[in-house]
Amino acid sequence: MTNTHASRPGEKTNVQKAALAVGAVFLLVGVLGFIPGITAPYDELGVAGHESGALLLGLFQVSILHNLVHLLFGIAGIAMARTISGARSYLLYGGIIYLVLWVYGLLIDMDSALNFVPLNDADNWLHLFLGLGMIALALLLTRNRDRSHTNH
């Protein structure tokens with residue numbers, strides 16, 4: 001059963017909790033992208049572009065731009081989690097953005113100027129997982145809310 005309505009004033013719904021959690025993870029990932037050792041080789045962290053040789057957790061290619069995007073996406077999630085509609089929108093449209101980014105990453109040449117974020121294969125598959133997961137959270141955690149509005 002999904003919690004679509006807060007039972008007490010100030011209590012967060014499940015979709016708000018999910019948006020808050022996703023936003024907090026993005027914020028954490030953005031910070032970790034600037035920590036030497038977690039991101040290595042740190043001296044190869046570029047501003048942007050496929051030339052950035054830094055890898056977060058040894059897997060995900062990152063740059064200063066990439067880390068800043070994660071930080072901003074995290075802040076947006078935390079801010080939008082204040083309302084049910086904001087939380088749902090963050091998860092739904094954020095998920096769509098990540099699916100578009102996944103397709104973009106599949107289509108571009110990783111060694112071209114089009115790979116400005118930068119992205120690698122690990123990033124691409126993570127973007128697919130994030131996109132599908134965020135959309136699923138948005139839809140599943142608000143499905144009873146949507147039905148209750150059509151029944152009134």
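Normalised by the number of residues in the chain, what is the relative contact order in percent for Cα pairs under 8 Å and 6+ residues apart?
28 percent
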* To do: Let me have the 222 nm mean residue ellipticity of the chain computed from DSSP H runs of 4+ only, each contributing -39500 (n - 2.57), with the sum over all residues rounded to the nearest 500.
  => -19500 deg cm²/dmol
* Cut-off 14 Å (backbone N to label point 7 Å along Cα→Cβ of Ser112), residues of the range 38-62 -> 50
* Asked: By the gyration tensor of its Cα atoms, with a ≥ b ≥ c the square roots of the eigenvalues, what is the shape of the range 3-152: rounded for a/c under 1.5, prolate for a/b over b/c, or oblate?
  -> prolate
* Shape call for the range 60-99 from the C-alpha gyration tensor, a ≥ b ≥ c root eigenvalues: rounded (a/c under 1.5), prolate (a/b greater than b/c) or oblate? -> oblate
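Coordinate-derived values only; no laboratory data. Keep in mind that this is a model prediction, so the values were computed, not measured. Note that we place each Cβ from the backbone using ideal geometry, even for glycine, and neighbour counts take in every protein chain shown.
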